[in-house]
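Below you'll find the structure, written out as structure tokens, and then a few comments.
The values are calculated or read from the model by the stated rules, or taken from the named source; none is laboratory data. Fair warning: this is a prediction, and the values are worked out from it, not measured in the lab. In this analysis, Cβ positions are derived from the backbone assuming ideal geometry, glycine residues included, and neighbour counts consider all displayed protein chains.
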Amino acid sequence: MPGISADLPLEHVTIDPRTDIDGPAPAVFVLHGRGANEEDLLPIAQRFPEELLVVSLRAPDRLMGGYTWYELDLSGGGLHESQPDSEGFRRSLDFVTESVEGAIEAYPIDPERVDLLGFSQGAITGLSLLLETPANYDWAVALHGYLADSHADRRPEGIESKPVFLAGGAND
């Protein structure tokens, strides 16, 4: 059952740790895919380790019955060659960063144990955030996503020690 939400730049739901822990909790920030919402990945979040506080963020822009993190640049030849549009993508990266910072202030989160899980556009967003500020995150899971061209050449200090799990198919 989603928990009560603090006032953050992005709408969100939380799931409290399912076990008692002493002190602030490790947290995972969940970023849904294009056309979904902040509740879409909660069934997965229910399977996370019991000590995790889950913060599932909603993308900022409406799309059909859900939300999107950014518009797609289809100039590369279609959906399979698409990239994030630069302006909307930057805006979403900033919104997520501000929401993570706000959540660390509002919830009992251990700032040294913050993680990312994203699906599709959320995976692209999460991987980009990890590359921009690897010191802010412990690990990332990217499901059915890829690294945006805008971040492909980044090699920030500290990134080599960050576990990343990438998956894209039924047998991953």
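Residue by residue through region 1-51, note down the ones that are part of a loop (DSSP other than H, G, I, E, B) and aliphatic (A, V, I, L, M).
Taking region 1-51 first, the residues part of a loop (DSSP other than H, G, I, E, B) are 1-2, 4-11, 16-24, 32-35, 37-41, 46-51.
If the condition is that a residue be part of a loop (DSSP other than H, G, I, E, B) and aliphatic (A, V, I, L, M), then MET1, ILE4, ALA6, LEU8, LEU10, ILE21, LEU41 are the ones that fit.
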Note: among VAL96, VAL28, just one is β-branched (Val, Ile, Thr), in contact with a helix residue (DSSP H, G or I) (Cβ under 7 Å, 6 or more places away or on another chain), buried (at least 18 other Cβ atoms within 10 Å of the Cβ) and at pLDDT 95 or above, namely VAL96
Among the residues of region 71-82, are any closer than 14 Å to ALA27 by Cα, not charged (D, E, K, R) and not in a helix (DSSP H, G or I)? no
Filtering region 124-147 down to residues that are in contact (Cβ under 8 Å) with a residue 60 or more places away in the chain and surrounded by fewer than 22 Cβ atoms within 10 Å (Cβ to Cβ) yields ASP138, HIS144
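Select from region 60-89 the residues that are within 16 Å of LEU129 (Cβ to Cβ) and at pLDDT 95 or above and list them in ascending order. Can you show your working first?
Keep residues of region 60-89 that are within 16 Å of LEU129 (Cβ to Cβ), which gives 60, 69-70, 84, 86, 88-89.
Result: PRO60, TRP69.
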So, first residue more than 14 Å from GLY35 (Cα to Cα) in region 111-123, second residue among the acidic types (Asp, Glu) and not in a strand (DSSP E or B), Cβ within less than 7 Å, six or more apart or across chains; the pairs are ARG113/ASP138; VAL114/ASP138; ASP115/ASP138
